[in-house]
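Notes for the one structure printed next.
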Amino acid sequence: MNVDARPLVVVIDDRQDIVRFCERCLGDRYAFRHALDGRAAATLLRAQPAAAVLLDRDFSQADPERLLGPRDAMRDEGLHILRWLRHEHPDLPVVMVTGQRDLATALAAADLGADFLAWEDVTADPASLAARLQQALERRPADNAALLAPFRRLGIVAESPAFMRALSALSRALPGRAPILLLGPTGAGKDTLAGAVHALAGDPARPYVEVNVAALNQNLVESELFGHARGAFTGAHQAVTGKLRAADGGTLFLNEIGDLPLETQAKLLMVLERSEVVPVGEVRAYPAQFRLVTATSRDLRALVAAGEFRRDLLHRIAGHTIELPPLRERTEDIPALANAFLRATAAGRAGHVMALAREALEYLESLPWEGNVRELLQVIEAAGAQARHTVTVADVHAAIRRKDTLPPAAPSARAGATDASVASTADAADALFTGRNYDAVTGAYYHFLVRTTGGQMTEAARLAGISKTTIYEWRKRYGGGG
């Protein structure tokens, strides 16, 4: 290999042993540079980007004046250096190679995104270091371009390091049939990535079944998922296949899996273990083999601790666990997302609105986005609807204000309305909305719908002119209802 083309590996160690070993065993594949401590490594990495880092744990022989951590923690100085590396070079692969085999240190390194290797394993099998180093290099973001290309072809935006790491992890999870668990806040794009799993893993022509568990009728959830026989219960006038059987041979996406009732969790676990389902009211089992993708915005481990989610089911569905960052942690994606959403609006497709002003993009990047990507989409749709040629910062600001607070109701235009009655109506509207944000008003409206319809969610959705999914989301958020 051309020496100039060798990947550079920085060895951070207060001794020369591992550097000499690496140069002797791996010098034909990698170029090695030595740093005696974290401060020397900082200088080296500023001068020359590295492909990876090999890091010691114990710096007992280092100059105490050059430690990054406290003097009484010299044996754990490697962890302090690792924390610094994660802050300054978050995507740089790190392998901690130490003379002491210690599970606590290995777990601490893993929590900080580093591999761990005991020096005794390296001396016993020198190839182990080469294998671990190669594995770390394969996970570099610089090598992720090919991994991310299929997602980009599906229209998924990934410019931020945080989201690129999530997509890289998801890409490595695609081969095989192991379950995938997507974690992240509401609106972060979990449903989009579940669809990408189906499109990129296996045959996209096979069935793809998506179920929002939170939107299921709690009285009929087992029938919806597992199906039922004709006459299984009152109103079961015909047999229903169920979502799990419908997904046979394809992909099943269970969104908001944390909302699944405990008794249904036990039956789902049985289906996953046996790859077959018994519909409600039947004794015969039917094949149900599928790639399972689940998602939730809730803390499943906290639910397990509270007795609200089965531990064995969590272990079964978490074959690959991918955490999606909130939009506020991936602000680099906002310009590309906003422009993509704008092109998809009616005004964008018709060519009436061509772009977002730079000031509008800067304003979007400054917002907290508690509703994440979904909230950004709603704002762009609203701003694009009133813009002409270019979405300005005023258009975006107006859309944000309309979202956060409802304006007073318009005066009545019915025939014969007097000035006094119009003023009275306006005063009542002002009193209703003053000091209340969008969420508070929406909750009040939801409870009005529940009272009006007697808790019938389908009728409430029809009366409000919204989807059933939305009304069930409101029920989950504001409580009450049938």
- Note on the structure: Those residues of the range 7-49 which are of a type in the set (A, V, I, L, M, F, W, C) and farther than 19 Å from Glu77 by Cβ amount to Leu8, Val9, Phe21, Cys22, Cys25, Leu26, Ala31, Phe32, Ala47
- Which members of the range 47-58 meet the condition of being outside any loop (DSSP other than H, G, I, E, B) and within 16 Å of Pro93 (Cα to Cα)? Ala52, Val53, Leu54, Leu55
- Task: Could you please find all residues in the range 436-470 being β-branched (Val, Ile, Thr), within 21 Å of Glu370 (Cβ to Cβ) and in a helix (DSSP H, G or I)?
- Result: Val441, Thr442, Thr469, Thr470
- Message: Checking Tyr208 against (1) in contact with a His (Cβ under 6 Å, 6 or more places away or on another chain); (2) surrounded by fewer than 17 Cβ atoms within 10 Å (Cβ to Cβ), only one condition comes out false. Which one?
- Response: (2)
- Note on the structure: A careful count of residues in the range 142-183 that are of a type in the set (D, E, K, R) and part of a loop (DSSP other than H, G, I, E, B) gives 2
- Across the range 16-43, what is the total count of residues that are in a helix (DSSP H, G or I) and open to solvent by less than 50 Å² (accessible area, probe 1.4 Å)? 9
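Listed here are the residues, each with its yes/no results for (1) open to solvent by less than 70 Å² (accessible area, probe 1.4 Å); (2) modelled with pLDDT of 90 or more.
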| position | (1), (2) |
| --- | --- |
| Glu329 | no, yes |
| Arg343 | no, yes |
| Ala357 | yes, yes |
| Leu364 | yes, yes |
| Leu377 | yes, yes |
| Ala387 | yes, no |
- Note on the structure: Counted residues in the range 59-78 being open to solvent by 20 Å² or more (accessible area, probe 1.4 Å) and either part of a loop (DSSP other than H, G, I, E, B) or in contact with a Gly (Cβ under 8 Å, 6 or more places away or on another chain) (or both) come to 7
- Query: Is at least one residue of the range 222-238 open to solvent by less than 10 Å² (accessible area, probe 1.4 Å), at negative phi and β-branched (Val, Ile, Thr)?
  - Reply: no
- Query: When only residues in the range 274-305 that are open to solvent by 10 Å² or more (accessible area, probe 1.4 Å), part of a loop (DSSP other than H, G, I, E, B) and of a type outside the set (A, V, I, L, M, F, W, C) count, which is modelled with the lowest pLDDT?
  - Reply: Gly281
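The values are calculated or read from the model by the stated rules, or taken from the named source; none is laboratory data. Being a predicted model, the structure only gives us computed values, none of them experimental. As a convention, Cβ positions derive from the backbone with ideal geometry for all residues, glycine included, and neighbour counts pool all protein chains shown. Areas reflect the complete protein model, heavy atoms only, side chains present, ligands, DNA and RNA absent. Shrake-Rupley method; radii C 1.70, N 1.55, O 1.52, S 1.80 Å.
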